[in-house]
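For reference, the structure discussed in these notes is given below.
The values are calculated or read from the model by the stated rules, or taken from the named source; none is laboratory data. This is a predicted model, so every value here is computed, not measured. Note: ideal-geometry Cβ built from the backbone for every residue, glycine included; neighbour counts use all protein chains shown. Just the protein is used for accessible areas: all its heavy atoms, side chains included, with ligands, DNA and RNA removed. Shrake-Rupley method; radii C 1.70, N 1.55, O 1.52, S 1.80 Å.
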Amino acid sequence: MQFNRKIADYIGWEETRYDALLDLYEPGMKVSDIDKVFSEVRDGLVSILDRIRAKGSEVDDSFLHDKFDKRLQEEYNRELAERLGFDFEAGVIAVSAHPFTTNFGNKDVRITTRYDENDLMMSVYSTIHEAGHAIYEQNIPDELAKTNIGGGVSMGIHESQSRFYENIVGRSRGFIGAELPKLAERFPNLSKVSPDEFHKAVNKVMPSLIRIEADELTYSLHIIIRYEIEKAFINGEVDFNELPKLWSAKYREYLGVEPANFREGVLQDVHWAGGMIGYFPSYALGNLYGAQMLYKGILRDLPDYNEIVASGDLRRITGWLKDNIHIHGGTYKPSVLIEKATGEALSASYFLRYIEEKYSKLYGI
Ligand code: CO
């Protein structure tokens, strides 16, 4: 982390040193842009979380932790990826401890997922997420594929695609209604679970310490905490040895939980240890971009969006993403791309609206 301060100075910066690192992952984005949207998101999410806590309702997700045969999970995941638009002629799905996507051009896009016999949705959401990244790369036009703009434009826009499929589509009531019968065919223990119960279970809100296990509502808070800390460190406002204390204070303040040790706190991610400072904001930016695409692009152009999701055939939605995002590859900076696709600069309001609409219904708040 210390060395990243030097790297930023070698690269050069104008407003704050952290801008130089941010630009490596989200070209053109500045601290002044992110501070504004992230503080709105943070305050909005904390207040929705408070309302859910005050309501105090328990969600039963025990049926997701029954026993699910791994071979049947593999079969289902393969079919699901295909339905989302993953092209097996130009890609493969393998297994790894931590799922990822890697590609060699647009004709060889490889994703991994992971299986747990006692956690059905772990593989399902890993597959959907990585398929979202992969579909982006597979849809890069051949004319761009062998150039230096022949790939996804930024980490944030990439995450917008994976998270759009994983959360906005994959955790919606419509999608669950379409997929549950297909799951219950393979896993009869789910045949007594209703789509509403299933929908609630995959959206269970549970403030926790570990980012990669976080629910959709609290996930962005995990990211904002990391952003605030790494920005303060790079800009020289805090020292290295103050990070664990700062971490605990922010977790207590935003999420109401506190790590008992460094392993479940400040040391849990690979990013800082690997020197990838400036990367974290991409995940939350992806959530914001995705919600803005939904409200200002997809719902505008596909008024029957909800029916499409509920039909289980997502090709027209993937088609929108292809026509408005994927085909441009790295031609436009993220800020230009989002404005072209949605007619507006990046705003926090669509993500907050999406979260508000979703969780007020789910939790009756
Ligand atoms: Co991702």
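Out of (1) outside the structural domain of ASN139 (by TED's automatic domain parsing); (2) surrounded by fewer than 18 Cβ atoms within 10 Å (Cβ to Cβ), the odd one out for TYR251 is which?
It fails just one condition, (2).
Hey, among the residues in the range 102-117 that are polar (S, T, N, Q), open to solvent by less than 40 Å² (accessible area, probe 1.4 Å) and touching a residue at least 24 places away in the same chain (Cβ under 8 Å), which one's farthest from the ligand (Cβ to nearest atom)?
ASN106
Taking ARG163 as meeting all but one of (1) more than 15 Å from the chain's Cα centre (by Cα); (2) within 16 Å of the ligand (Cβ to nearest atom), write down the number of the exception.
(1)
Does the range 316-356 hold any residues that are crowded, with 18+ Cβ neighbours inside 10 Å and of a type in the set (D, E, K, R), and which are they?
Listed by number, the list holds a single entry, LYS322.
Before we move on, is LEU64 within 16 Å of the ligand (Cβ to nearest atom) and touching a Leu at 6+ places or on another chain (Cβ under 8 Å)?
no
Which of the following residues is under 29 Å from VAL205 (Cβ atoms) and modelled with pLDDT under 95: ARG51, ARG83?
ARG83
Where the second residue is within 12 Å of the ligand (Cβ to nearest atom) and open to solvent by less than 10 Å² (accessible area, probe 1.4 Å) and the first is over 16 Å from SER32 (Cα atoms) and among the acidic types (Asp, Glu) and lies in the range 276-289, which pairs have Cβ atoms under 8 Å and are six or more apart or on separate chains?
none
Could you please find all residues in the range 324-365 being farther than 30 Å from GLU197 by Cβ, among the polar types (S, T, N, Q) and assigned to a helix (DSSP H, G or I)?
Within the range 324-365, ASN324, SER335, THR342, SER349 qualify.
Output the number of residues of the range 141-158 satisfying the condition of being hydrophobic (A, V, I, L, M, F, W, C) and within 16 Å of the ligand (Cβ to nearest atom).
The qualifying residues number 3.
Quick check: is even one residue across the range 242-255 in contact with a helix residue (DSSP H, G or I) (Cβ under 6 Å, 6 or more places away or on another chain), of a type outside the set (A, V, I, L, M), over 23 Å from ILE135 (Cβ atoms) and touching a residue at least 60 places away in the same chain (Cβ under 8 Å)?
Within the range 242-255 (the criterion being in contact with a helix residue (DSSP H, G or I) (Cβ under 6 Å, 6 or more places away or on another chain), of a type outside the set (A, V, I, L, M), over 23 Å from ILE135 (Cβ atoms) and touching a residue at least 60 places away in the same chain (Cβ under 8 Å)), the answer is yes, since at least one residue qualifies.
Just need a number here: residues in the range 56-85 that are over 21 Å from the mean Cα position of the chain (by Cα) and either aromatic (Phe, Trp, Tyr) or over 25 Å from SER194 (Cβ atoms) (or both).
6
Consider PHE63 carefully, then state whether it is surrounded by 14 or more Cβ atoms within 10 Å (Cβ to Cβ) and outside any helix (DSSP H, G or I).
In short, no.
So ARG53 clears everything in (1) outside the structural domain of LEU314 (by TED's automatic domain parsing); (2) in contact (Cβ under 8 Å) with a residue 60 or more places away in the chain; (3) within 22 Å of the chain's Cα centre (by Cα) except one condition, right? Which one?
The single condition ARG53 does not satisfy is (3).
Inside the range 210-223, can you point out the residues that are more than 17 Å from GLY290 (Cα to Cα) and in contact with a Ser or Thr (Cβ under 9 Å, 6 or more places away or on another chain)?
ALA214, HIS222
Among helices (runs of 4 or more DSSP H) lying entirely in the range 269-315, which contain 2 or more residues that are within 13 Å of the ligand (Cβ to nearest atom) and open to solvent by less than 30 Å² (accessible area, probe 1.4 Å)?
Result: 281-293.
Specify which of the listed residues (HIS129, HIS98) is under 18 Å from the mean Cα position of the chain (by Cα) and loosely packed, with under 13 Cβ neighbours inside 10 Å.
Exactly one residue qualifies, and that residue is HIS98.
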